[in-house]
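A quick write-up on the structure given underneath.
The values are calculated or read from the model by the stated rules, or taken from the named source; none is laboratory data. The structure presented is a predicted model; accordingly, all values stated were derived computationally and were not measured. Positions of Cβ are backbone-derived with ideal geometry, glycine not excepted, and every protein chain shown enters the neighbour counts.
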Amino acid sequence: MSLLIKNVLLDGRRCNILVRDERFVCLDAAESAEAEKVLDAGGAAILPAFYNTHTHAAMTLLRGYGDDNPLHVWLEEYVWPYEDKLTAADIRRGSELALKEMIATGTVFFSDMYFDIDETIAAVQESGIRAAIGITVMDYHPKALRDEKARKVREWRDTDRLQLTVAPHAIYTVGRETLISSARLARENGRKIHIHLSETAKEVQDCIAQTGMTPVRYLDSIGILGSDVIAAHCVHVDKEEWDILAGRGVTVSHCPCSNMKLGSGRFPYELAIASGVRVTLGTDGCSSNNNLDMREEMKIAALLAKVTGDTALLSAPQVLQWATRNGAEAFGYDAGVIAEGKLADAILVSMDGPKMQPCHNLISNWVYSADSSCIKHVICNGKILL
Ligand SMILES: [Zn+2]
């Protein structure tokens, strides 16, 4: 399959881009270059698409449900009772709704953690985007049957768009032995490990009370941390812990909207960046965001970084890299930048609307001014999805 994207703006100049066998093969093709499909971009800018490294797709069903309550009231009186009633068919519909929103807002990959994963997998297969679907591990959860999970992890074969991960939910829902055995299961089968980590001050206090250690030190002491780990949130992490995360090669998924909405706290940008750890962006689930819009997530991250006074902290190009290339690389995709030889994932952003004009700086406009309605087309693995 080949695709010629005509009249597209790349690095300040108009060009034609040729895609063949899922990759960008020429960024300066002739207008007459032969391709099975031609897309006239009409002067739209081509930019990397988004890689959402932490979400719970089917939680679109809980969008706007029980908002503005304290965390424990929201969980105990709203989220958990609602989730108890969800059927597999509900999860399918929630996942489909999420995929619709993700594609419309320029996301071509998401890393998920939820239940009834076969339903989400089926929705992803139909949609054309990429995903890392996490098998949730939790003690005392009726949908967390360990033997079935182990079999699925061993038998599953990844494809170019779909991979399976092992997702021990968090240190407060998964005990020590199960954390160790689920990490072993993941590593024996070459799967990544997706976990919530140091999201709230309470999680840290409880962990110290129970183990004498903070969550990062605790996970490190039992051998969980490694370059195959994607840790979501990491809000309450001290300087020495950032060095541990960076030293182990852990990828962090920063979820600013969720952290703000649930009152979890401000991500310590200064420490994270100084440590050299790989940071990516995630939306978290719709119940704590309340959307899956990664462009909005970029803007909020960049603004939240600056609220303490350092305006240079987390520049527009840097947050764009967190939302795109860093996420792709964390999950092993040779993508996330518009370059010859890379996998052809991209968005085309219209330059016609008022939010993109004037254009002193394209990346600044995209991060700080635009909204996702500026997206004209979304391309994943060389195919036009929008
Ligand atoms: Zn989450």
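Laid out as a table, the results:
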{"quantity": "Inter-residue pairs, beta-carbon under 7 Å, first under 11 Å from residue 150 (Cβ atoms) and outside the structural domain of residue 233 (by TED's automatic domain parsing) and in the stretch 184-197, second in a loop (DSSP other than H, G, I, E, B) and more than 16 Å from the ligand (Cβ to nearest atom), 6+ apart", "calculated": "none"}
{"quantity": "The listed residue being of a type in the set (Lys, Arg), touching a Pro at 6+ places or on another chain (Cβ under 7 Å), closer than 28 Å to residue 194 by Cα and outside the structural domain of residue 19 (by TED's automatic domain parsing), out of 278, 295, 325", "calculated": "325"}
{"quantity": "Leading residue by the ranking (farthest from the ligand (Cβ to nearest atom)) among those in the stretch 95-114 that are over 19 Å from residue 192 (Cα atoms) and of a type in the set (Ser, Thr, Tyr)", "calculated": "105"}
{"quantity": "Number of positions in the stretch 170-228 that are within 16 Å of the ligand (Cβ to nearest atom) and within 27 Å of residue 71 (Cβ to Cβ)", "calculated": "16"}
{"quantity": "Candidates 13, 93, 23, filtered to the one that is surrounded by fewer than 23 Cβ atoms within 10 Å (Cβ to Cβ), within 23 Å of the chain's Cα centre (by Cα) and over 26 Å from residue 292 (Cβ atoms)", "calculated": "23"}
{"quantity": "Selected residue [at pLDDT below 95 and either more than 16 Å from the ligand (Cβ to nearest atom) or touching a strand residue (DSSP E or B) at 6+ places or on another chain (Cβ under 8 Å) (or both)] from 73, 19", "calculated": "73"}
{"quantity": "Residue check for residue 198: within 30 Å of residue 108 (Cβ to Cβ) and surrounded by fewer than 22 Cβ atoms within 10 Å (Cβ to Cβ)", "calculated": "no"}
{"quantity": "Residue match in the stretch 47-54 (condition: touching a residue at least 40 places away in the same chain (Cβ under 8 Å) and surrounded by fewer than 20 Cβ atoms within 10 Å (Cβ to Cβ))", "calculated": "no"}
{"quantity": "Residue 261 vs. criteria touching a residue at least 24 places away in the same chain (Cβ under 8 Å) and within 15 Å of the ligand (Cβ to nearest atom)", "calculated": "yes"}
{"quantity": "Within the stretch 107-139, tally of residues that are of a type in the set (S, T, N, Q) and under 21 Å from residue 170 (Cβ atoms)", "calculated": "3"}
{"quantity": "Selection within the stretch 352-369 - closer than 30 Å to residue 160 by Cβ, surrounded by fewer than 20 Cβ atoms within 10 Å (Cβ to Cβ) and under 21 Å from the mean Cα position of the chain (by Cα)", "calculated": "363"}
{"quantity": "Residue in the stretch 115-129 that is assigned to a strand (DSSP E or B) and farther than 20 Å from residue 197 by Cβ present", "calculated": "no"}
{"quantity": "Filter result for residue 150 (of a type in the set (A, V, I, L, M) and either in contact with a strand residue (DSSP E or B) (Cβ under 7 Å, 6 or more places away or on another chain) or closer than 25 Å to residue 297 by Cα (or both))", "calculated": "no"}
